[in-house]
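These notes concern the structure reproduced below.
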Amino acid sequence: MKELFDLLEKGERKILLWLGIIFLVGLLFLQVFALNQKRAYSSAAQTLPTQQQEYTQIKESNKNIKLEWLQWDEARRDVVEIEKKYFYRGDRSLSQLRIDIGKIFEASGIRIVSDLNFDYADWEEENIIRVRVNFAMAGTYVALKRFIHQVEVHPKFLMVERIDFRDIDTQSGRIELNIVLAGYYEN
């Protein structure tokens, strides 16, 4: 190997020496830099499973929050639809309630034997007014069933709140009842 160096001139040896030094410095820098990168990679590889697990939990939590939000949004839309479709609304609500009750009486074929008594209850915290309609009716059991059916299929919030039997004639099948209907409308 020494003979090989002897063949080189002095300038070429000097260039070769500097190239060797630069190569060694580069190799040393690369070794130090690569060692730090290896440590960083090793550290990242150790924390990766924990971070993947946290990511999965956050993703699942986010999915649950979105699902809950969609459910609340659907409930809000349902409430808006109920308010629009099923509650009596505005100043004409009471007259509309009277008209609807008249239609139900007519469709069910019952005979009213007393005046309609209206009772109002204002639920201020809910912004809803409940109107109770008390009356007495006479008829057959079939007429009562038709009446209840007409109230059930009525599209507005109108419900049979109470039925009190006053008289039952088992021979003729005639019954007399006190009925309380409840209708609801927004203030």
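May I ask which residue of Gln150, Gln171, Ile110 lies farthest towards the positive end of the charge dipole of the chain, with charges of +1 (Lys, Arg) and -1 (Asp, Glu) on Cβ and the Cα centre as origin? Final value for the positive-end residue is Gln150. For the chain, the 222 nm mean residue ellipticity estimated from helices alone, with every DSSP H stretch of n ≥ 4 adding -39500 (n - 2.57) and the total spread over all residues, rounds to -21000 deg cm²/dmol.
In straight-distance terms, cross-link reach from Lys156 covers every one of the aspartates and glutamates whose alpha-carbon lies under 20 Å from its own, apart from those fewer than eight places away in the same chain; here that gives Asp78, Glu81, Glu83, Asp91, Asp100, Glu106, Asp119, Asp122, Glu126, Glu186. Between the amide H of Arg174 and those of Asp169, distances stay under 5 Å, these residues lying 5 or more places away or on another chain, with hydrogens modeled in the peptide plane. The calculated FRET efficiency for Ser95 paired with Leu70, based on their beta-carbon distance and R0 = 41 Å, is about 0.55. Across the chain, C-alpha contacts under 8 Å between residues 6 or more apart give a mean separation that, scaled by the residue count, equals a relative contact order of 19 percent. For the peptides 161-168, 107-114, the ranking by packing is 107-114, 161-168, with the highest mean count of neighbouring Cβ atoms within 10 Å listed first. Its Cα centre serving as origin, the stretch 101-187 has a Cβ charge dipole (Lys and Arg +1, Asp and Glu -1) of approximately 520 debye.
Bear in mind that the values in this text are calculations on the coordinates, not laboratory data. Every value quoted in this text rests on a predicted model; they were computed, and no experiment measured them. Every residue, glycine as well, gets a Cβ built from its backbone with ideal geometry; the counts of neighbours run over all protein chains shown.
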